[in-house]
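S.K.: Please see the structure below; I have some questions.
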């Protein structure tokens, strides 16, 4: 199918910092080529010895074979990474014993070709769920070819190679100065539908030449994921393959971060968050059929978790998302969504703002309500919805897109 | 706006049994007339002395003033009913102190005109949420007029008077023989969007001339609601006004049911369920923009509640609902929805059927999978999705409709 590019698509792929200590290559195993689309569909990244890694994965109980392997490898390998290989075209989820055979074949090829331990190799696959695999070696067979082409990463090609219904490749980077060392971060992501804040919510990888112990890397990633990828939603649906991983090669030359009390841990975490937030915003802006993006903040809730629960009810409501699409400032539907979150609220203190326009106050429409001003906000491509629920001091922000005809079209046509 | 009639709209409104012991009237307070639409927008039903009643209401924490009053009246009045008045055009939800004034004005008018106790009067309002009320007496003012017109109910006119985005009026009835007495049931419902299985999920009233103690009536209604109105979903959104009530006048002449052990209690409950299930199916078939309806059954779950949770994840998934609309038998999305219910499952024993076509078995695509056969099921207007999760003996069925361009259109245009 032909996908209309998101109105938020950037003019060009950003220039990303050249994180040191890794090599990459991408290639085509023919999945898209057979459909007349010229693009790669598999990529390999290899890491210098000593690279640490961390990962957060889908909470789905029908997680893909790749996700289950990554969890196992992270545990067995002690947070060390040698290689990452990802392919699009088939998600290897719900593929039964054959899904495990595919992993085994891929890992064997990586181990033999690169001379690395299997438990330091990470796998990812994205595409249709449940499509059986005719040949378990459909990724492994390409490892020697990819290994022969390894070099400085072409981030845009990598980012394109794992796109599915994405309308643009997603990349973000930053450079942090950590005690004199220039530490580089480069990240890529794919994701467009089946996005919900229950885990990492798509595939995303951040590569950095920072030096950091694996358990600290995991702690930083968990914290960052909650405030970025776990705070975006397109349709409330959670994928079987959602993965966010970070690889730290240590090649920047900085002394390793070994304690959360270390001030450098905070600097590192902040830089990681910068990259992840940028990538997460690109994912929600490429939400299937999206024409608008809203930042939804709930404040004065019983707790931050309660605020997030209420914010997610707003962000996932089809009635609010269709009103967004139509530019109809139908604030009564916000009241509905707050009510069905079943979290503590003081209904008589409920207040709602669209950008700076207050539409509700003290549990009723604001006395100075201005429909034209409210509608003007909903006419914008990006705007904020803020709700105060009067039950405490908890606060949370999530991001969502609208529900348009495009979403219905894309999800009726994808797969076929 | 002009609504395209649901493809499931019946050719005509059904003939309903003439339940005895009540009178009704409907009228226009001008809400739709001002928009050039010829229909009533308010109805009144009065009951013979001794009528008992029961109700289940939205769980929303931003429930309408009318719902809050009904809960209070049911408690204060001991389950006795004298009158019911319902209006469309404004939901009286999130209307602050004025919403309470509207109720007070309506109840005063009912008490004065009919000579009945306020706590035996039940109220309902449906329409846009949060629209302020210019005149609190906007319903009360019509009570004398309606009271002057009371007579044998014109069920179709009543059912039309509280429609909002419904494309057809909904009615269902049955006649049960209870120990020689002919007991009549007549029910009406409205509801099309903002339908989710968290409570009664729309406005619906069942009138019967059975004789039954109020606490038994409540018990029967609760049980029936769980298996009917609380098992349908259109969009996962829950209204601030959802109400299901049953009124039993006793005018059939049967001796009152006074115990749950009484076999007649079961007969009564079964008849009530017949009517509620028929009405609930009419609501889901009139789901905003619906072109297809699916019966979703989850079996072999850890418990009936677990089965229902998984079934609702399937029923509410936008990805599955858009696939239904497109006639794309994308069964991998069922796997996704089962995974994100976070209920106990044995992923390797997962099996899925579309009608009688098995598409998945033992946690993978069925070896004899037949895409043409699966697609033929998804091409039908009504079909069944059955999932076995291999974790126990719990079973539940819910009903849902598809997500079409019509839903996006209707919910972008409603209110304006």
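The values are calculated or read from the model by the stated rules, or taken from the named source; none is laboratory data. Bear in mind the structure is a predicted one, so any value in this text is a computation, not a measurement. So basically every Cβ, Gly included, is an ideal-geometry build from the backbone, and we count neighbours across all protein chains shown.
S.K.: Please specify each residue of the stretch B:271-290 satisfying the condition of being crowded, with 19+ Cβ neighbours inside 10 Å, within 21 Å of residue B:386 (Cα to Cα) and in contact with a helix residue (DSSP H, G or I) (Cβ under 9 Å, 6 or more places away or on another chain).
M.R.: B:280, B:290
S.K.: What about residue A:78, is it more than 14 Å from chain B (Cβ to nearest Cβ) and over 24 Å from residue A:148 (Cβ atoms)?
M.R.: So residue A:78 passes the test.
S.K.: Still on this model: Among the residues of the stretch B:314-329 satisfying the criterion of being more than 7 Å from chain A (Cβ to nearest Cβ) and part of a helix (DSSP H, G or I), which is farthest from residue B:408 (Cα to Cα)?
M.R.: Going residue by residue through the stretch B:314-329, those that are more than 7 Å from chain A (Cβ to nearest Cβ) are B:314-316, B:320-321, B:324, B:327, B:329.
Within this subset, residues satisfying the condition of being part of a helix (DSSP H, G or I) are B:314-316, B:320-321, B:324.
Numbers: B:314: 20, B:315: 18, B:316: 15, B:320: 16, B:321: 13, B:324: 15 Å.
Filtering the stretch B:314-329 for residues that are more than 7 Å from chain A (Cβ to nearest Cβ) and part of a helix (DSSP H, G or I), the one farthest from residue B:408 (Cα to Cα) comes out as B:314.
S.K.: For the stretch A:295-307, which positions are surrounded by fewer than 24 Cβ atoms within 10 Å (Cβ to Cβ) and within 19 Å of the chain's Cα centre (by Cα)?
M.R.: Selection gives A:295 alone.
S.K.: So, one more: Give the residue, chosen from B:76, B:19, B:81, that is free of Cβ contacts under 8 Å to residues at least 60 places away in the same chain and more than 18 Å from residue B:139 (Cα to Cα). Spell out the reasoning first.
M.R.: Values: B:19 fails: free of Cβ contacts under 8 Å to residues at least 60 places away in the same chain; B:81 fails: free of Cβ contacts under 8 Å to residues at least 60 places away in the same chain.
Of the residues listed, the single one that is free of Cβ contacts under 8 Å to residues at least 60 places away in the same chain and more than 18 Å from residue B:139 (Cα to Cα) is B:76.
S.K.: How many of the residues in the stretch A:15-30 are part of a loop (DSSP other than H, G, I, E, B) and surrounded by 18 or more Cβ atoms within 10 Å (Cβ to Cβ)?
M.R.: Start the filter on the stretch A:15-30 by keeping residues that are part of a loop (DSSP other than H, G, I, E, B), which leaves A:15-21, A:28-30.
Next, from what is left, pick out any that are surrounded by 18 or more Cβ atoms within 10 Å (Cβ to Cβ): A:16-17, A:19-21, A:29.
Number satisfying all stated conditions: 6.
S.K.: Restricting to the stretch B:114-129, and then to whatever is under 20 Å from residue A:333 (Cβ atoms) and buried (at least 24 other Cβ atoms within 10 Å of the Cβ), can you tell me which residue is nearest to the other protein chains (Cβ to nearest Cβ)?
M.R.: Once the filter is applied, the top-ranked residue is B:129.
S.K.: Moving on. Please give the number of the condition residue A:311 fails out of (1) buried (at least 24 other Cβ atoms within 10 Å of the Cβ); (2) touching a helix residue (DSSP H, G or I) at 6+ places or on another chain (Cβ under 7 Å); (3) away from every other protein chain (no Cβ under 13 Å).
M.R.: Residue A:311 satisfies all of (1) buried (at least 24 other Cβ atoms within 10 Å of the Cβ); (2) touching a helix residue (DSSP H, G or I) at 6+ places or on another chain (Cβ under 7 Å); (3) away from every other protein chain (no Cβ under 13 Å) except (2).
S.K.: Determine, yes or no, whether residue B:72 is in a helix (DSSP H, G or I), within 19 Å of residue B:218 (Cβ to Cβ) and away from chain A (no Cβ under 14 Å).
M.R.: Spelling it out, residue B:72 is indeed in a helix (DSSP H, G or I), within 19 Å of residue B:218 (Cβ to Cβ) and away from chain A (no Cβ under 14 Å).
S.K.: Does at least one position in the stretch A:274-283 carry a residue that is modelled with pLDDT under 90 and not in a helix (DSSP H, G or I)?
M.R.: Checking the stretch A:274-283: not a single residue is modelled with pLDDT under 90 and not in a helix (DSSP H, G or I).
S.K.: If I filter the stretch B:96-113 for residues that are under 19 Å from the mean Cα position of the chain (by Cα) and either within 14 Å of another protein chain (Cβ to nearest Cβ) or closer than 23 Å to residue B:187 by Cβ (or both), do I get at least one hit? Explain how you work it out, then say what you get.
M.R.: Our first condition is that a residue be under 19 Å from the mean Cα position of the chain (by Cα); within the stretch B:96-113, this holds for none.
Taking every residue of the stretch B:96-113 in turn, none turns out to be under 19 Å from the mean Cα position of the chain (by Cα) and either within 14 Å of another protein chain (Cβ to nearest Cβ) or closer than 23 Å to residue B:187 by Cβ (or both).
S.K.: Something else: Do we find that residue B:132 is in a helix (DSSP H, G or I) and surrounded by fewer than 24 Cβ atoms within 10 Å (Cβ to Cβ) in this structure?
M.R.: The answer is no for residue B:132.
S.K.: May I ask you to say which residue of B:32, B:57 is touching a strand residue (DSSP E or B) at 6+ places or on another chain (Cβ under 8 Å) and either modelled with pLDDT of 95 or more or within 14 Å of chain A (Cβ to nearest Cβ) (or both)?
M.R.: Of the residues listed, the single one that is touching a strand residue (DSSP E or B) at 6+ places or on another chain (Cβ under 8 Å) and either modelled with pLDDT of 95 or more or within 14 Å of chain A (Cβ to nearest Cβ) (or both) is B:57.
S.K.: Between residues in the stretch A:146-161 that are at pLDDT 95 or above and residues that are assigned to a helix (DSSP H, G or I), which pairs lie under 8 Å by C-beta distance while being six or more apart or on different chains?
M.R.: Matching pairs, first to second residue: A:147/A:113; A:147/A:114.
S.K.: With the condition kept exactly as written, say whether any residue in the stretch B:297-310 is within 30 Å of residue B:346 (Cβ to Cβ), without any contact (Cβ under 8 Å) to a residue 40 or more places away in the chain and part of a helix (DSSP H, G or I).
M.R.: Yes, the stretch B:297-310 contains at least one residue that is within 30 Å of residue B:346 (Cβ to Cβ), without any contact (Cβ under 8 Å) to a residue 40 or more places away in the chain and part of a helix (DSSP H, G or I).
S.K.: Then there's this: Would you be able to tell me the number of residues in the stretch A:75-104 that are surrounded by 19 or more Cβ atoms within 10 Å (Cβ to Cβ) and part of a helix (DSSP H, G or I)?
M.R.: 3
S.K.: Now for a separate question. In the stretch B:383-393, is there at least one residue being at pLDDT below 95, farther than 28 Å from residue A:58 by Cβ, touching a strand residue (DSSP E or B) at 6+ places or on another chain (Cβ under 9 Å) and buried (at least 16 other Cβ atoms within 10 Å of the Cβ)?
M.R.: There is no residue in the stretch B:383-393 that is at pLDDT below 95, farther than 28 Å from residue A:58 by Cβ, touching a strand residue (DSSP E or B) at 6+ places or on another chain (Cβ under 9 Å) and buried (at least 16 other Cβ atoms within 10 Å of the Cβ).
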